[in-house]
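Structure record follows, encoded as structure tokens.
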Amino acid sequence: MKTITRYVLRLHVAPFFFSVSALTLVFLMDQVGEKLPDLAGKGLHWTIIVKVFGLSLPFILAQTVPMGVLIAALYVFSRLELDREITALRAAGVSIVRTAGPLLVAAVMLTGFMVWFSDRVLPESNHELTKLTVGIQRKKPLFSMREGTLNGVLPRVYLQAARIDHETNQMSEVRLYDERGGQQSRTVYADSGSTTPGNKGTDLFLHLGDGVVQEKPWQRSDMFRQIHFDNMIMRLPDIANDLEVDSVQARGEREMSIADMRVAAAEGDKRAELAKSETGAFTHQVTHRILGIAAPAESGAEGVGGGAGTTEEALQLAAADSTFAEALGTVVQRGRDQGERVHRTVEVTETFRQLTARERAGVNTSRRYWVEIHKKGSIPAACIAFVLLAVPVAIRYPRGGVALVAGVSFTIFAAYYLALSGGEKLADQDLVTPLWAMWLPNVLFGGVGLWILMRTRTAFR
């Protein structure tokens, strides 16, 4: 039996490494095509560009290793059945389950390794990639600017553009607010703009077209100056500094280990619980206040929504009053009282909205981290589910050859990752728990594979 075990495992080595290498290369080329245009022309050393793509490899491998397991299992077992080796093993009393057993054990061991890889190696590489990307963006600030928002380009200098083309460095509907010097407020409006790097490599020149400059001294409120221009060039010094990669300290959920995400999820639960408790206490307080206001209203005093606090009644009082001034004062005072009650109502509503938003934010934070925690286990565990599915499919349809392997692999990959991404969206909407959202695809694919395997085993008895 040891001979069979070694034989089956040895057959899988070459297809597995070949498929993982090929898939990794395809995904890496996709990354190159996506990121290289943004990296080119920034004066980066070629080692920095290589490092960007090198740090992308762990994330790619986390996806391609389960795919390689599926392709290798489909290829090897379809060849074994096509060469009648499965038939020979059955004739010798070796069942299909026993033949696939070594591969299943290897898949379990590989799953354990990939869980460790996703928990230890992947977060660090993602964090290093984030730091490097942010450093590259800061080297050329236009790539980090966002449309429609104020972007701080220098101390007390802010730039806003309605549209930004990151490929051509062109902007439209540009506004620049310059508060430097502390003597005047300077605002520049321009229909278009663009940026070019300076000779030093650290300066940036801002080219503005068809606009106006408005200047207002802070000490002279009666002075205002406006200058129209067709073209204007502004120098922004020391804005494109040397590449810095150590400025990012905070980590996102994909840059954290399982232990760190558990702590972050617990903090989200605590924030949600505190907001919920505060909501309960505030509701209790508001209820008592309403009851305290409503009680005197029944005996003729003013209350919320009752009493003589209406303009109509005040006007009737004005007709019967001795002087119009006193009646007018009554109308004004009651109007103020109504305004105060409306203000209190708006304030209470806004407080409830804020507390509800805080509770929802805490729950969403916890749920988001738990989705990532389970994802670190579910994607590696796909190795096991793919083995359970690939073995019976390959044995039942051995004559498909490479076309079968490619077609079935692509179909299973697409279905699995659609199910995984769909589960993640359902978990984000709190329709299913993060546990089921991330593990249900493995349960479904593994369950279908076991069912086909049992039917195949019965059919070949």
Is it true that V20 is among the β-branched types (V, I, T) and in contact with a Ser or Thr (Cβ under 6 Å, 6 or more places away or on another chain)? yes
Total residues in region 415-455, condition surrounded by fewer than 17 Cβ atoms within 10 Å (Cβ to Cβ), modelled with pLDDT under 90 and part of a helix (DSSP H, G or I): 3
Residues located in region 63-108, provided they are polar (S, T, N, Q) and modelled with pLDDT of 90 or more: Q63, T64, S78
Could you pull out the residue among V26, V69 that is in a helix (DSSP H, G or I), crowded, with 16+ Cβ neighbours inside 10 Å and either among the β-branched types (V, I, T) or in contact with a strand residue (DSSP E or B) (Cβ under 6 Å, 6 or more places away or on another chain) (or both)? V69
Can you confirm whether G33 is surrounded by fewer than 18 Cβ atoms within 10 Å (Cβ to Cβ), assigned by TED's automatic domain parsing to the domain that holds L132, part of a helix (DSSP H, G or I) and modelled with pLDDT of 90 or more? no
Which condition does A403 not pass, out of (1) farther than 28 Å from T456 by Cα; (2) assigned to a helix (DSSP H, G or I), if it passes all the others? (1)
Any idea which residue in region 385-400 is modelled with the highest pLDDT, counting only those that are more than 23 Å from V108 (Cα to Cα) and in a helix (DSSP H, G or I)? R396
Taking region 221-232, which residues are surrounded by 10 or more Cβ atoms within 10 Å (Cβ to Cβ) and part of a loop (DSSP other than H, G, I, E, B)? M223, F224
Name the residues in region 195-218 that are at pLDDT below 75 and out of contact with any Pro (no Cβ under 6 Å at 6 or more places or on another chain), would you? P197, G198, N199, K200, G201, T202, W218
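The values are calculated or read from the model by the stated rules, or taken from the named source; none is laboratory data. Since the structure is predicted, the reported quantities are computational estimates derived from the model, not experimental observations. Please note: Cβ atoms are built from the backbone with ideal geometry, for glycine as well, and neighbour counts cover all protein chains shown.
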